[in-house]
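Notes follow once the structure below has been shown.
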Amino acid sequence: MTGDPEPRSTGWLAVVGLGPGNPDWLLPEARDVLSQATDLVGYQTYLDMLPAELRISPRLHGSDNGAELGRARHALSLASAGRRVAVVSSGDPGVFAMASAVFEAQSATEAPAEWQSIDIRVVPGVTAALATAARVGAPLGHDWCCISLSDNLKPWSIVERRLVGALDADFVLALYNPVSRHRPTRLAEAFALIRARRAASTPIVLGRDVGRPGERVQVVPLSDVDLDQCDMRTIIIVGSSTTRFGRGGQNGQRVFTPRWYPNVGAER
Ligand code: SAH
């Protein structure tokens, strides 16, 4: 390749959240860091999402999905060689994404000594749960939690334990990584746990490609959820016992969780 900037003596490494995909949801800090980087490292699909002006000068290191640790090591090697490296994630880099992978790679026992002095900077982004919630109203207006349904890196028994714990504690749930080719039955298993612990009228939000071309956001009661509508580009928000349908909105699709909880006054 020609035209690459010369390596600098003081490299750095930033893990940068791109938001869901819409350039309006890319924070100014992220834009700054990306424009100063000599090298952008990430899943090719996310590199393709970047605004054109940020994709021109730096060297792009696209890779397949998965392979996070290899990508993190590659980024650390580049930074220790003096490059200014931005590792990109969609949404927030700390939510089921590259930030942890980079710290894991730096802390591994076999990690080279020269990686240890790299000061990793994390630049936040709008995570899919917040973007999707904003589209429909305020479903995350009270206590809520994020659970990844992927059992690539944790056993399914842990996913089940967390689902049951969060459902029994009456959290609103934001479910990431709902389904993949390798585990076609897991989402149905998760919904069996949900149906046993939530009323049939509980509002469910399905957000697919939120903030990207072809965005589709649906709001339905639990009884009407069609799991075939969900894929890896979908996030699912499951209401708590207090989450309700609201008025207005696009196609009347409004959902909110009130700030108060029943019986609070009575318990005081
Ligand atoms: N770091 C990302 C999450 C990565 S895990 C973030 O903070 O958003 C990947 C999962 O995130 C997907 O399987 C999907 O459940 C969810 N997701 C990410 N971007 C999305 C989008 N634009 N629309 C809907 N869901 C999305």
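The values are calculated or read from the model by the stated rules, or taken from the named source; none is laboratory data. Not measured: the values here are computed from a predicted model. As a convention, Cβ positions derive from the backbone with ideal geometry for all residues, glycine included, and neighbour counts pool all protein chains shown. Just the protein is used for accessible areas: all its heavy atoms, side chains included, with ligands, DNA and RNA removed. Shrake-Rupley method; radii C 1.70, N 1.55, O 1.52, S 1.80 Å.
The alpha carbon convex hull volume per residue for the stretch 111-190 rounds to 166 Å³.
With the cut-off at under 17 Å, measuring from each backbone N in the stretch 225-250 to a point 7 Å along the Cα-to-Cβ line of Arg212 picks out 229-237. Distance between the 7 Å Cα→Cβ label points at Arg247 and Arg162: 3.9 nm. Against the chain, whose longest principal axis comes from its Cα atoms, helix 156-168 is set at around 50 degrees. Here the Debye sum runs over all C-alpha atoms of the stretch 1-159 as equal scatterers in vacuum, and log10 of I(q)/I(0) at q = 0.10, 0.21 Å⁻¹ comes out as -0.38, -1.38. The order of the peptides 72-79, 253-260 by mean Cβ neighbours within 10 Å, most packed first, is 72-79, 253-260. With the simple spin-label model, which puts each label point 7 Å out from Cα in the Cβ direction, the Ala192 to Ser77 separation comes to 4.5 nm. Scalar couplings 3J(HN,Hα) for the stretch 96-111, obtained by applying the Karplus form with A = 6.51, B = -1.76, C = 1.60 to θ = phi - 60°, are 6, 8, 6, 4, 4, 4, 5, 5, 4, 5, 5, 8, 4, 4, 8, 5 Hz; x denotes Gly and Pro.
In the chain, the longest principal axis of the Cα atoms and the axis of helix 186-197 are about 40 degrees apart. Annotation: the antiparallel percentage among DSSP beta bridges lying fully within the chain is about 40. Of the residues Ser148, Ser35, the one with the largest accessible area comes first in the ranking Ser35, Ser148, computed with a 1.4 Å probe on protein heavy atoms.
Got a number for carbon plus sulfur as a percent of the chain's accessible area, 1.4 Å probe?
Working: 6760 of 13460 Å².
Result for the chain: 50 percent of the exposed heavy-atom area is carbon or sulfur.
Using a 1.4 Å probe, what is the accessible area per residue for the chain, in Å²? Can you show the working numbers first?
On the way: 13460 Å² over 268 residues.
With the other protein chains kept in place, the chain gives 50 Å² per residue.
Using only the Cα atoms of the stretch 188-250, each taken as one equal point scatterer with no solvent, compute I(q) by the Debye sum, divide by I(0), and report log10 of the ratio at q = 0.12, 0.21, 0.23, 0.25 Å⁻¹. Each listed q corresponds, in turn, to -0.30, -0.88, -1.02, -1.15.
Taking a ≥ b ≥ c as the square roots of the Cα gyration tensor eigenvalues, with a/c under 1.5 meaning rounded and otherwise prolate when a/b beats b/c, else oblate, which class fits the stretch 117-268? Let's see the in-between values first.
Working: a/c = 1.25, a/b = 1.22, b/c = 1.02.
Rounded, because the longest to shortest axis ratio a/c is under 1.5.
With 10 Å bins beginning at zero, the pair-distance distribution over Cα atoms of the chain amounts to 7, 27, 30, 21, 11, 3, 0, 0 %.
With the Cα gyration tensor of the stretch 52-120 in hand, give its eigenvalues times 5 under a square root as the equivalent ellipsoid semi-axes, listed largest first in whole angstrom. It would help to have the intermediate numbers written out before the result.
Details: eigenvalues 80, 49, 22 Å².
They are 20, 16, 10 Å, listed from largest to smallest.
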